[in-house]
Amino acid sequence: MRHVADIPHPSVKITLLAWNGKFLLKLEQGNLEQTYKVAELDLLTGTDAEVRELLDEEFLTVAIARFQAMRADLQAAFERHELR
């Protein structure tokens, strides 16, 4: 796996990786992580610049909201099993 770039964002750590004919967009917030795999063949030129274009405001807004839902799901599971 090759590290391509760290992409700055104020509320999410974004890492772009390349591996096995795919780009991996890894978004992290606290102890939660989302990974999106994008095949090079699904892109026009197969470059990391195209993958970066996916990180528009709409995509990031929804991904950040998903982190909130993930956090709530995890907390609910802890509570159901009386682990917190």
Extension gain, Ala39 back to His81 (0.36 nm per residue minus Cα-Cα distance, nm): 11.3 nm
Once Lys and Arg get +1 and Asp and Glu get -1 on their Cβ, which of Ile64, His81, Leu17 lies farthest toward the positive end of the dipole of the chain? His81
Can you list the aspartates and glutamates whose alpha carbon sits under 20 Å from that of Lys37, skipping same-chain ones fewer than 8 residues off? Asp6, Glu28, Asp48, Glu50, Glu53, Asp56, Glu57, Glu58
To the nearest 10 degrees, the tilt of helix 57-80 (Cα long axis) against the first principal axis of the alpha carbons of the chain is 30
In whole angstrom, the spacing between the Cα centers of region 37-84 and region 1-32 equals 11
Descending Cα extents along the principal axes, region 2-81, whole Å: 47, 25, 19
So if R0 is 22 Å, what FRET efficiency would Thr15 and Gln68 give, r being the distance between their Cβ atoms, rounded to the nearest 0.05? 0.60
Kirkwood Rh in Å, taken over all unlike Cα pairs in region 42-81: 12.3
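Bear in mind that the values in this text are calculations on the coordinates, not laboratory data. None of the values given here were measured: they were computed from a predicted structure. We place every Cβ from the backbone using ideal geometry, glycine too, and count neighbours over all the protein chains shown.
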